[in-house]
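Shown next, in structure tokens, is the structure this report addresses.
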Amino acid sequence: MRRLAGLLVVPLLLLSTAACGDSGSDSAEMKNGVPAITKGAKFGETPTLSQGKGDPPKELKAVTVSEGTGPALKKGDVAQVNYYGQVWDGKEPFDQSFGKGKPFEVTVGAGMVIKGWDQGLEGKKVGSRVELVIPPALGYGDQGSPPKIKGGATLVFVVDIVKGTSVPVSATGKEVPQEDKDLPKIGTNTDGKEVSVTVPKDVNPPAKLVSNYVLEGSGPAVKDSDSVVVKFHGKTWKDDKTFESTYATDQTVTWPIGEISVKGLKEGLIGKKAGSRILLVIPPDQGFGDKEQGTIPANSTLVFSLDILAVM
């Protein structure tokens with residue numbers, strides 16, 4: 001089953017679109033064993049790259065072009081970056097975020113992007129410009145990302161780390177009594193481990209959206225223009241069965257609020273404070289409706305325990 005986290009938002013550009021650069025016979029200028037930046041060399045400037053020369057490296061290369069003064073990124077941090085991507089033997093970018101007015105957000109080490117990014121960004125300081133040369137095994141492998149990136153392609157990225165946000169392991173807000181016996185009960189542990197979700201038996205689900213605090217944080221309220229970093233445990237009401245839990249895998253997910261495609265999830269998050277844990281009960285008409293989604297049957301009422309770990 002495709003992870004629900006990827007079904008809840010409209011797909012982003014995410015390293016797989018735009019025109020793929022063609023190869024050519026021009027000699028490539030190399031620096032430190034990687035294609036040289038030929039224009040826009042400074043942090044924040046839109047770069048261009050020369051073609052790679054000779055055989056590409058078989059291992060990941062992560063070269064710091066210029067080092068920032070911010071904290072080093074660690075696993076679980078959310079980084080806001082601008083990037084320029086080109087295949088080793090290409091002359092034009094296949095994708096970039098420079099010039100689009102909004103950095104790309106990635107949770108370091110969470111497995112939401114190609115492995116070369118997760119490994120190459122960890123330990124790099126905020127404010128740095130990094131050049132990554134990513135072999136196929138840490139990129140798109142033998143299958144590539146057709147039709148833009150051929151199978152077995154080595155990828156080259158220039159990445160500016162604009163901002164980094166450390167993310168707590170759990171919501172830590174003030175506990176709010178859960179007094180309605182007709183609603184699910186949510187665990188209140190703050191150790192980062194699995195949070196229990198108990199759906200009441202022999203009770204009909206509510207017909208309207210429920211969005212209640214379980215732990216009320218003190219951070220900024222979520223706005224439509226924000227992105228949120230969350231952990232969640234999702235169940236279907238009818239069978240009290242878990243369809244996905246990111247607590248269990250100790251992973252976070254970053255959702256741009258404006259791109260969330262599930263109406264009840266979007267509306268349930270807006271206005272809630274960072275640092276909070278909330279109960280969400282989403283009726284079918286604000287969830288997936290009459291469409292089956294993997295192990296989620298059609299016309300399901302969805303139940304979430306959801307930690308809002310950071311708002312950006």
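The requirement of being assigned to a loop (DSSP other than H, G, I, E, B) and over 27 Å from the mean Cα position of the chain (by Cα) is satisfied by PRO177. Scanning the stretch 87-133 for residues that are more than 18 Å from the chain's Cα centre (by Cα) and polar (S, T, N, Q) gives a single hit, SER128. Here VAL228 does not qualify as under 30 Å from GLY54 (Cα atoms), aliphatic (A, V, I, L, M) and not in a loop (DSSP other than H, G, I, E, B).
Annotation note: of TYR213, TYR247, the sole residue that is in a loop (DSSP other than H, G, I, E, B) and aromatic (Phe, Trp, Tyr) is TYR247. Within the stretch 253-263, the residues that satisfy the criterion of being among the β-branched types (Val, Ile, Thr) and open to solvent by 10 Å² or more (accessible area, probe 1.4 Å) are THR254, ILE260. Considering the stretch 41-78, and only residues there that are β-branched (Val, Ile, Thr) and within 30 Å of GLY141 (Cβ to Cβ), the residue that is least open to solvent (accessible area, probe 1.4 Å) turns out to be VAL78.
Among the residues of the stretch 60-94, those that are closer than 26 Å to GLN251 by Cβ, of a type outside the set (Gly, Ala, Ser) and either at pLDDT 95 or above or touching a helix residue (DSSP H, G or I) at 6+ places or on another chain (Cβ under 6 Å) (or both) comprise LEU60, PRO71, LEU73, VAL81, ASN82, TYR83.
Checking the stretch 101-108 against the condition returns a match, with at least one residue being of a type outside the set (A, V, I, L, M, F, W, C), surrounded by fewer than 16 Cβ atoms within 10 Å (Cβ to Cβ) and out of contact with any helix residue (DSSP H, G or I) (no Cβ under 6 Å at 6 or more places or on another chain). Of all the criteria given as (1) touching an Asp or Glu at 6+ places or on another chain (Cβ under 8 Å); (2) crowded, with 20+ Cβ neighbours inside 10 Å, the one not satisfied by LYS125 is (2). Selection of the stretch 241-250 for residues being open to solvent by 50 Å² or more (accessible area, probe 1.4 Å) and modelled with pLDDT under 95 yields ALA248, THR249, ASP250. Filtering the stretch 217-233 to residues that are over 13 Å from LEU306 (Cβ atoms) and either at pLDDT 95 or above or of a type in the set (A, V, I, L, M) (or both) leaves SER218, GLY219, PRO220, ALA221, LYS223, ASP224.
Per the conditions (1) more than 26 Å from PRO297 (Cβ to Cβ); (2) among the hydroxyl-bearing types (Ser, Thr, Tyr); (3) open to solvent by less than 50 Å² (accessible area, probe 1.4 Å); (4) more than 18 Å from the chain's Cα centre (by Cα), the sole criterion not satisfied by SER218 is (3). Please work out which residue is surrounded by the most Cβ atoms within 10 Å (Cβ to Cβ), limiting yourself to the stretch 267-292 and to residues that are of a type in the set (Lys, Arg) and assigned to a loop (DSSP other than H, G, I, E, B). Looking at residues that are of a type in the set (Lys, Arg) and assigned to a loop (DSSP other than H, G, I, E, B), I get LYS272.
The values are calculated or read from the model by the stated rules, or taken from the named source; none is laboratory data. This one's a predicted model, so the numbers in the text were calculated from it and none came from an experiment. We place every Cβ from the backbone using ideal geometry, glycine too, and count neighbours over all the protein chains shown. Only protein heavy atoms, including side chains, enter the accessible area calculation; ligands, DNA and RNA are left aside. Shrake-Rupley method; radii C 1.70, N 1.55, O 1.52, S 1.80 Å.
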